[in-house]
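Derivation of every value follows stated rules applied to the coordinates shown; laboratory data play no part. Here the structure is a predicted model, which is why all the values come from computation and not from measurement. Note that each Cβ is placed from the backbone with ideal geometry, even for glycine, and that neighbours are counted across all protein chains shown.
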Amino acid sequence: MDILDKKIKPLLPEELFDFYFREDWKMKIGGSYGLFHINRLEDVLPDIKFPLPPHRKTVYDFIFLTEGTSKRSKDLDEYEFSDNTFFFMPAFQITTHEFIQANSKGFFCYFDAQIFDDIFPHNTLFDDINFLQAFSEPIVKVSNEMKAYIITMLERLEKIYLSSQIIDLGLVSLLLATIFKELELVEQKQVEIPQKAAYMLTKKFKNLLAQHIYQTKKVTDYAEMLSISPDFLNRSVKAVTGKTAHEVLTDMIVLEAKVMLRQTDLSIGEIAFKLSETNPSDFIRLFKNKVGKTPKKYRQ
């Protein structure tokens, strides 16, 4: 799906600070914040406007939680994670962030993919590393030994970021690439989620929803894409999520609607037309049933 073609404008780096933080507080930022930013979680937690609503942005980001717990989503999947854990979010994906525990510690970092162009032409780094992919699992957990090594590099990145207005993005990209390559080795050793047929099928279904929800709004069409019967798809999704395939499809429509309500100036009728085969009044009723408020109230 081409996000820009859908008139959904992902948040630019300079817009993230207003989106994340209270209006009366300003973060200390480096001169390269348009392409790269890093900060310690403990320095900003009291000023973040949790829960952060669904949104897309133009940059990749990750959280490395050294202490505490957090809950964040990637498209329709929610993850609660804790100490010694990375959570990666690729650019242009929908994410929400419910909370980070008040006494948590760690790092938040975002970066534009173009900073790697000189050392990884054509963004081959992003092709090779699983957790940087759009439809991969975003969680990587590290040992205490690895944690100390990672913190050293993140502290180095923080020092570079805050040291001057013009920083060496080549050095930044090399340090980030080193972290990612180290984590790639860790990820390969971790025990994978059991690759049961129903789990894998549900994951494929959700991935297809994220790619095709604007064009395809019937469970039967997704079943055809997966070369299975609608009944088999429904039973598999129900076994994994506790919801029917149609309910999960509806969740994706509502999630996209939330993003469009916050990140576009499209009318509610236009959003209904893009995301639903029903008339606007039916769409408003569906949204209110799922969210607890009308699209107009949600936008406000």
Next item on the list: Return the sequence-ordered ³J(HN,Hα) values of the stretch 209-216 in whole Hz as given by the Karplus equation 6.51 cos²θ - 1.76 cosθ + 1.60 applied to θ = phi - 60°, using x for Gly and Pro.
Entry: 4, 4, 8, 10, 4, 6, 9, 10
Margin query: Test of understanding: express the Cα radius of gyration of the chain as a ratio to 2.2 N^0.38 Å, with N the residue count.
Written below: 1.04
Note to self: Can you find, among THR124, PHE62, SER236, the residue sitting farthest towards the positive end of the charge dipole of the chain, where Lys and Arg contribute +1 and Asp and Glu -1 at Cβ?
What the structure shows: SER236
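Based on DSSP H runs of at least 4 residues, each adding -39500 (n - 2.57), what is the mean residue ellipticity at 222 nm of the chain after dividing by all its residues, to the nearest 500 deg cm²/dmol?
-14000 deg cm²/dmol
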Next item on the list: Let me know the charge dipole size of the stretch 103-248 about its Cα centre in debye, to the nearest 20, where only the beta-carbon of Lys, Arg (+1) and Asp, Glu (-1) is charged.
Entry: 800 debye
Next item on the list: Measure up LYS9/LYS189; LYS189/LYS238; LYS49/LYS274; LYS26/LYS181; LYS74/LYS105; LYS141/LYS293 against 27 Å on the Cα-Cα distance and list the ones that go over.
Entry: LYS9/LYS189; LYS189/LYS238; LYS49/LYS274; LYS26/LYS181; LYS141/LYS293
Check: Gap in Å between the Cα centre of the stretch 128-198 and the Cα centre of the stretch 61-111?
Finding: 13 Å
Note to self: Can you tell me which of ALA113, ALA245, ALA223 moves the most in a GNM of the chain? Springs connect C-alpha atoms under 10 Å apart.
What the structure shows: ALA223
Next item on the list: Taking only Cα atoms and a 10 Å spring cutoff, compute GNM fluctuations for the chain and point out the largest among LYS26, LYS288, LYS196.
Entry: LYS196
Note to self: Given the options TYR149, ASN84, SER227, identify the residue whose Cα lies farthest towards the positive end of the charge dipole of the chain (+1 on Cβ of Lys, Arg; -1 on Cβ of Asp, Glu).
What the structure shows: SER227
Checklist line | TYR149-LYS296 pseudo-label distance in nm [points 7 Å out on the Cα-to-Cβ vector] | finding: 5.8 nm
Item checked: Difference of contour (0.36 nm per residue) and Cα-Cα distance, GLU15 to LEU175 -> 55.0 nm
Margin query: Would the stretch 1-136 count as rounded, prolate or oblate if I go by the C-alpha gyration tensor, calling it rounded below 1.5 in a/c and otherwise prolate when a/b exceeds b/c, oblate otherwise?
Written below: rounded
Next item on the list: Working from the alpha-carbon coordinates of the stretch 86-159, get Rg over Rh, Rh being the Kirkwood radius.
Entry: 0.97
Check: Which percentage, to the nearest 5, of the DSSP beta bridges contained in the chain is antiparallel?
Finding: 95 percent
Check: Taking a spot 7 Å from the Cα of GLU80 along the direction of its beta carbon, which residues of the stretch 44-69 have an amide N less than 11 Å from it?
Finding: 69
